[in-house]
Amino acid sequence: MCVVCGCGSPVAPQGVEAQVDARTGDLHFGAGAARATVPGLSAERTVRIEQDVLGANDRVARQNRAHFRSHGVRALNLVSSPGSGKTTLLCATIRALQRSHPQVPLAVIEGDQQTTHDAERIRATGASAIQVNTGKGCHLDAPMVAQAFARLPLHGRAHDHHGHEHEHEHEHEHEHEHEHEHEHEHEHASPSLLFIENVGNLVCPALWDLGEEAKVVILSVTEGEDKPLKYPDMFAAAQLMVLAKTDLLPHLQFDVQRCEAYARRVNPGIRILRLSATTGEGMDAWLQWLLARE
């Protein structure tokens, strides 16, 4: 259940006219201006609420982005459906980085509705992790990420490295300046990586800017090749698609080329990597992408 969008309503919205397919009778409740229906709210009111809520989030996201950039932190928002293998991929990635690039500082923010299981798996690799449990929330937001990042050693390292205290509460009129004032300061410094593992959900996290440099959508070959068409907003928002669990392809009926074509239909500029955390296939290309300095 999303406490913002109302997607947990157990009944069909009353008084809302759906778009009806004349041939099949199929109903489409996302065809209006709001692209969603919320019981008791008009499309116009829904749009205004979304703009207000997302606007407040985006202000904090801009602060996060300026904060990360000024300290040379590359923050990546990992999004997927539940069970795609995000945490398994993260653990394999951390171990690969520890072997090949031990000088690279990294940390993880783990998002789930409940439990600390994933954060414990990350900590078992030796990496720092903060678990963020959202309760009934179906996604992370920018204020959650800001609070979690402040508790990570990576945050303290960034402060120590620069020898100054970072101001957490930015005045709104200076936000734009803060986004750019340190833009080129760390071009030649070793990158720091912050992995933000979002709540498993291919819908709501697409809307929420966390201050990340890029969204990375992870699609397992066990999920079906048509996921980019079923959940287009997420794939349109992502800069990279990782096609995961490729070691299972011999046991599945999954058309890789078709899946990649669907992703590019939704997002012509999306980059795609095929990867198996089990065999290591594609890991070098993934690490190269992670460590690239834009």
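Does D141 satisfy being on the phi < 0 side of the Ramachandran plot, in contact with an Asp or Glu (Cβ under 8 Å, 6 or more places away or on another chain) and acidic (D, E)? Judged against the criteria, D141 is not a match.
Yes/no matrix, rows are residues, columns are (1) at pLDDT 95 or above; (2) closer than 23 Å to D247 by Cα; (3) among the hydroxyl-bearing types (S, T, Y); (4) touching a helix residue (DSSP H, G or I) at 6+ places or on another chain (Cβ under 9 Å):
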site: R74; (1), (2), (3), (4): yes, no, no, yes
site: S84; (1), (2), (3), (4): yes, yes, yes, no
site: L89; (1), (2), (3), (4): yes, yes, no, yes
site: A96; (1), (2), (3), (4): yes, yes, no, yes
site: E110; (1), (2), (3), (4): yes, no, no, yes
site: H139; (1), (2), (3), (4): no, no, no, yes
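Taking (1) at positive phi; (2) modelled with pLDDT of 95 or more in turn, P228 satisfies each apart from (1).
Yes/no per residue for (1) over 25 Å from C91 (Cβ atoms); (2) within 16 Å of the chain's Cα centre (by Cα):
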{"site": "F195", "(1), (2)": "no, yes"}
{"site": "D209", "(1), (2)": "yes, yes"}
{"site": "E212", "(1), (2)": "no, yes"}
{"site": "V216", "(1), (2)": "no, yes"}
{"site": "T222", "(1), (2)": "no, no"}
{"site": "A236", "(1), (2)": "yes, yes"}
{"site": "L291", "(1), (2)": "no, no"}
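Across the range 103-116, the qualifying residues are those that are farther than 17 Å from N201 by Cβ and part of a strand (DSSP E or B), and the one among them that is most open to solvent (accessible area, probe 1.4 Å) is L106.
The rows are residues; the columns are (1) of a type outside the set (S, T, N, Q); (2) within 26 Å of G156 (Cβ to Cβ).
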| residue | (1), (2) |
| --- | --- |
| V60 | yes, yes |
| S70 | no, yes |
| L76 | yes, yes |
| S80 | no, no |
| T88 | no, no |
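Taking the range 126-144 as the range and being over 21 Å from Q63 (Cβ atoms) and surrounded by fewer than 17 Cβ atoms within 10 Å (Cβ to Cβ) as the test, the residues that pass are G126, N133, G135, K136. Given the criteria at pLDDT 95 or above, more than 12 Å from V79 (Cβ to Cβ) and either touching a Leu at 6+ places or on another chain (Cβ under 6 Å) or open to solvent by less than 50 Å² (accessible area, probe 1.4 Å) (or both), does A244 qualify? Spelling it out, A244 is indeed at pLDDT 95 or above, more than 12 Å from V79 (Cβ to Cβ) and either touching a Leu at 6+ places or on another chain (Cβ under 6 Å) or open to solvent by less than 50 Å² (accessible area, probe 1.4 Å) (or both). Of the residues making up the range 63-86, just one is closer than 24 Å to G200 by Cβ, in a loop (DSSP other than H, G, I, E, B) and out of contact with any Gly (no Cβ under 9 Å at 6 or more places or on another chain), namely G85.
Is it true that A119 is modelled with pLDDT of 95 or more, closer than 30 Å to L290 by Cα and surrounded by 15 or more Cβ atoms within 10 Å (Cβ to Cβ)? For A119, the condition - modelled with pLDDT of 95 or more, closer than 30 Å to L290 by Cα and surrounded by 15 or more Cβ atoms within 10 Å (Cβ to Cβ) - is met. Do you know which residues across the range 189-201 are more than 16 Å from E110 (Cα to Cα) and buried (at least 20 other Cβ atoms within 10 Å of the Cβ)? Residue satisfying the conditions is S192 alone. Taking the criterion of being open to solvent by 20 Å² or more (accessible area, probe 1.4 Å) and not polar (S, T, N, Q), the residues of the range 56-84 that qualify are A56, D58, R59, V60, R62, R65, R69, P82, G83. For the range 253-294, the candidate set comprises residues that are of a type in the set (D, E) and at pLDDT 95 or above; within that set, the residue that is most open to solvent (accessible area, probe 1.4 Å) is D284.
The values are calculated or read from the model by the stated rules, or taken from the named source; none is laboratory data. As the structure is a prediction and not an experimental result, all values here were calculated from the model. Neighbour counts run over all protein chains shown; Cβ positions are idealised from the backbone, glycine included. When the accessible area is computed, the model is the full protein with side chains, heavy atoms only, and any ligands, DNA or RNA have been set aside. Shrake-Rupley method; radii C 1.70, N 1.55, O 1.52, S 1.80 Å.
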